[in-house]
Protein chains: 2
Amino acid sequence: MPRGLRHHWCRSRFRGSGFRMTVPREVIFNILNSTDSHLSAEDIYHKVHRHYPGIGLTTVYRTLDLLSEMGLVRRFDFGDGRGRYELIMGPKGKVHHHHLLCTSCGRVIDYKEFLEDEKQLLGKTEKGLSRKYNFKITDHDITFMGLCEKCKGGD
Amino acid sequence: MPRGLRHHWCRSRFRGSGFRMTVPREVIFNILNSTDSHLSAEDIYHKVHRHYPGIGLTTVYRTLDLLSEMGLVRRFDFGDGRGRYELIMGPKGKVHHHHLLCTSCGRVIDYKEFLEDEKQLLGKTEKGLSRKYNFKITDHDITFMGLCEKCKGGD
DNA sequence: CTCAATGCAAATCTTTTGCATGCTA
DNA sequence: TAGCATGCAAAAGATTTGCATTGAG
């Protein structure tokens, strides 16, 4: 058993969900866990490939599906034709953030500020929506679109 | 010139943007303009095809791109691997709504309620984000995810 | 040992592109 | 009439699937 396969909190998540912990799964998880980027499956595959040329793109996709199913990862679409994957759980629970998307260059910025105000409003809205549409709301997604610093030009 | 090519407000939009008004464009626009669904390119193609078998899928895609570029249509991704297109302008300006997405069956509900409260908060947040990230915000997208009436089962 | 997990190649599906032809303005 | 717009076929990508093999528990 390779070093590192022992001590990750995600290990117990895998085992607890009835899945096996394997090297590919750990490597892929670690990449997601140590980046702030919004990686596509292929991005992840390239990073993996540098140190583990044996791990295939298919496994990346399958692992991402698994992590999504387990609720550790979420897939986002920013309109460039490929999915982007982000860890949404830390060892201590949900790590919440929203996105700022540049419609010109495609850059994505995460933001965690201003969430306090949102919290109240979202709570209220969620309640209203749940009642009106008889819908059980479990999550939400907020994205602001516009032009980033570089793309909006002189300022 | 087929009947109907004359009197649509979108016609002047096309002409004003330097594009020609054609039968396919009008037909595709009309479909978007008379549905509450979240149609994919293929969905639109099938609807078109019933009455105008000559219009191809490629033209549907190209027209949707054009309408997006003109700001009349927006493409949404609900995670099922294909884009969904919605008219976001009416003759009187922007028609704003948000989405409720069932993570089990994929159903999407539009909602227009509760937007008043949102407006204030979003304005405030936008201002904060613009300043902090030097970002010019032009639009936003809010989606609530969860289980719809049918999928959440007994109540 | 058993069966879940993997890798590879091929298949699938959505969206885009090249090019000859048609049609709007 | 001049070019933009279209249709078709083919290409390009992203993601999924089939199947024999590997390896975690």
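What the table shows:
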| read-out | value |
| --- | --- |
| Cysteines without a disulfide-compatible neighbour (Cβ-Cβ under 4.7 Å), the protein assembly as shown | A:C10, A:C105, A:C151, B:C10, B:C105, B:C151 |
| Charge dipole (debye, nearest 20) of the range B:71-126; +1 at Cβ of Lys and Arg, -1 at Cβ of Asp and Glu | 260 |
| 16 Å Cα cut-off, lysine pairs counted over the range B:96-155 (separation 8 or more, or different chains) | 4 |
| Cα-projected label distance for A:S37 with A:S104, points at 7 Å along beta-carbon direction, nm | 2.3 |
| Nearest-ten-degree value, helix A:57-69 long axis tilted from longest Cα axis of chain A | 60 |
| Size of electric dipole in chain B: Cβ of Lys, Arg +1 and of Asp, Glu -1, about Cα centre, debye, nearest 20 | 760 |
| Interchain or long-range residues, amide H under 5 Å from B:D139's placed H | A:M145 |
| Principal axes of the range B:1-95: Cα extent on each, largest first, Å | 37, 32, 22 |
| For A:S34, inter-copy label distances in nm, listed shortest first [label point 7 Å out on the Cα-Cβ vector] | 5.9 |
| Partner chain coverage, peptide A:75-87 - average Cβ within 10 angstrom | 2 |
| Debye, to nearest 20: dipole size of the protein assembly as shown, +1 on Lys, Arg Cβ, -1 on Asp, Glu Cβ | 260 |
| Derived scalar couplings ³J(HN,Hα) [the range A:13-18; Karplus, 6.51 cos²θ - 1.76 cosθ + 1.60; whole Hz; x for Gly, Pro] | 5, 4, 4, x, 8, x |
| Order of B:T138, A:T103, B:T63 - criterion: other Cβ atoms within 10 Å of each residue's Cβ, fewest first | B:T138, A:T103, B:T63 |
| Cα-only Debye scattering, the protein assembly as shown: base-10 log of I(q)/I(0) at q = 0.09, 0.12 Å⁻¹ | -0.57, -0.97 |
| Calculated FRET efficiency for the pair B:R11/B:E116, C-beta based, R₀ 45 Å, to 0.05 | 0.85 |
| Theoretical FRET efficiency, 1/(1+(r/R0)^6), r = Cβ-Cβ of B:T22 and B:H96, R0 22 Å, to 0.05 | 0.15 |
| For chain A, share of DSSP beta bridges that run antiparallel, in % to the nearest 5 | 75 |
| In degrees, nearest ten, helix B:115-133 long axis to first principal axis of chain B (Cα) | 80 |
| Shielding of B:118-128 by partner chains, average beta-carbon count, 10 Å | 4 |
| Nearest-ten-degree value, helix B:23-33 long axis tilted from longest Cα axis of chain B | 30 |
| Distances in nm from A:S12 to the matching label points in the other copies, shortest first (labels 7 Å along Cα to Cβ) | 6.7 |
| Computed P(r) (all Cα pairs; the range B:103-142; 10 Å bins; percent) | 23, 40, 26, 11 |
| At 7 Å out from Cα toward Cβ: B:D110 inter-copy label distances (nm, ascending) | 3.3 |
| Residue-averaged beta-carbon neighbours from other chains (10 angstrom radius) around B:48-55 | 0 |
| Closest approach to the A/B rotation axis among chain A Cβ atoms, residue and whole-Å value | A:D77, 2 |
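No lab work stands behind these numbers, since they all come straight from the coordinates. Being a predicted model, the structure only gives us computed values, none of them experimental. Here the Cβ is made from the backbone with ideal geometry for all residues, glycine too, and neighbour counts use every protein chain on show.
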